[in-house]
Amino acid sequence: MRTRTRGSRRLVAFAAVAALATGLLAGCSEDSDSGSTDASGGGNAHGKITLTVGTYGVFGYKQAGLYDEYMKLHPDISIKENVTERSDVYYPKMLTRLQAGSGADDIQAIEIANVSEVVRTQADKFEDLGKAKGVDESGWLDWKWKQATTDDGKTIGLGTDIGPMGLCYRKDLFKKAGLPTDRDELAKLWKGDWGKYVDLGKQYMKKAPSGTKFVDSAQGVYNAVMSGSKERYYDGDKPVYEESKGRKAAWNAAMDVATSNMSAKLKQFDTPWNQAIANSKFATVSCPPWMLGQILENGGGSGKGQWDVAAAPTAANWGGSFLGVPTQGKNKDEATKLAVWLTAPEQQAKVFAKQASFPSTPAAYTNLKVSPDTATYFSDAPLAQIFSDAAKNTPVADFGLKDQQIGSAITDIGVLQVEQQGKSPAQGWEAATKEIKDVLGE
């Protein structure tokens, strides 16, 4: 759902969370006069300015009450969030509107999978948020800031969350299948090897509760393994997806799942996947912090206290996003102030408290806690510790211009054809590579 960077820029693990700065980001944006208009003439001095925020999935701003809080602080601002469930649907739509010069939201979320392409090809269509009042580059993790910054220093997006990896699992289903339920014991069982996780899935299926599967999808396993791989799809600007060791490891793990009986064979984030969470149809899912929001959103009361979180087999980072302000907007000044406020440490900490989306602003890490309701839902797992440990140990990785498109071709065509259509792994890979070559113009 969310992760990436420019070929020459690297996604790095942030070191020693305990040593990170504790000072707050210099003054989130200051309140403006309630009836202000922006430089482009949008808004009404005697009425409300409506700001639209385009997002995908569950960002948590509404759930954490941030929109309501901001509108209370700014009575003449009204905020409307336009949500698209899947980022691979959201992103082409955003590009089309940017190219057309109209129709974009006042604030557009940008997934880390796409930020390299946006930085390289769409930077002129976004405001330079590095120059916004109240923004200090040092307030963000260095690698996060660089991902959204052009070679000549223009910053087209402010970092929201990052996606260090955990594994979410249903204790009740594990117990019924005769498997351990303690998070530390499970982490030891599969530590260092996703193959051990797959082997546990085979054990689960021997006594699986009726109607359940071990994992939601082979797609999720692929993304999890790939997110912890140093070698991805590019070496600088050169596509190396065919020979990449990381890609091969992720593909092999996904094929082990896809050709077995342990997968629910769902496409992540589609409606049937959401319903399967609500109906307890699978026992595990690869789980960066933002995935907790998906579970909270879809799981309902029956999942409370049944979901738990353990460390993943290997450290990985899957996901992370940015907020950008398109230049075509009529309310750029007000949109910029909102984007700055939403991405400030205080607000990132509130989103983590609500749904554990992990902040990209180090100042938020001091005494980082989730809400009692979130903690209870996930069995009081030490979420901050699990995710910070993963982040500290995530390997450096190269991300390229068409990273998301290559990854989507592999998961949404190659993996799904094997998992849902019964094609062989060789046939699935052939279909994926055909799509990739089309994307790359080969």
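Just to verify a result, which residue in the stretch 119-137, among those that are at pLDDT below 95 and of a type in the set (Val, Ile, Thr), is nearest to Ala335 (Cα to Cα)? Filtering the stretch 119-137 for residues that are at pLDDT below 95 and of a type in the set (Val, Ile, Thr), the one nearest to Ala335 (Cα to Cα) comes out as Val119. Looking at the structure I just gave you, is Leu342 in the same structural domain as Ala113 (by TED's automatic domain parsing) and at negative phi? Yes. Would you check if Gln355 is at pLDDT 95 or above, assigned by TED's automatic domain parsing to the domain that holds Leu98 and more than 23 Å from Lys93 (Cβ to Cβ)? Against the criterion (at pLDDT 95 or above, assigned by TED's automatic domain parsing to the domain that holds Leu98 and more than 23 Å from Lys93 (Cβ to Cβ)), Gln355 does not qualify. Looking across the stretch 52-78 at every residue that is in contact (Cβ under 8 Å) with a residue 24 or more places away in the chain and assigned to a helix (DSSP H, G or I), the one that is nearest to Thr411 (Cα to Cα) is identified as Leu66. Go through the stretch 79-125 residue by residue and tally those that are polar (S, T, N, Q), over 17 Å from the mean Cα position of the chain (by Cα) and assigned to a helix (DSSP H, G or I). Total meeting the criteria: 3. The residue of the stretch 136-174 that is nearest to the chain's Cα centre (by Cα), among those that are in a helix (DSSP H, G or I) and of a type in the set (Gly, Ala, Ser), is Gly139.
Scanning the stretch 230-253 for residues that are touching a Pro at 6+ places or on another chain (Cβ under 7 Å) and either surrounded by fewer than 22 Cβ atoms within 10 Å (Cβ to Cβ) or β-branched (Val, Ile, Thr) (or both) yields one hit, Lys230.
Would the stretch 380-396 turn up any residue that is within 24 Å of Val118 (Cβ to Cβ), among the hydrophobic types (A, V, I, L, M, F, W, C) and at pLDDT 90 or above? No, every residue in the stretch 380-396 fails to be within 24 Å of Val118 (Cβ to Cβ), among the hydrophobic types (A, V, I, L, M, F, W, C) and at pLDDT 90 or above.
When the stretch 212-230 is filtered for residues that are at pLDDT 95 or above, over 14 Å from Arg170 (Cα atoms) and not in a helix (DSSP H, G or I), only Ser217 remains.
The values are calculated or read from the model by the stated rules, or taken from the named source; none is laboratory data. Worth saying up front: this structure is predicted, and the values here are computed from it rather than measured. Note that each Cβ is placed from the backbone with ideal geometry, even for glycine, and that neighbours are counted across all protein chains shown.
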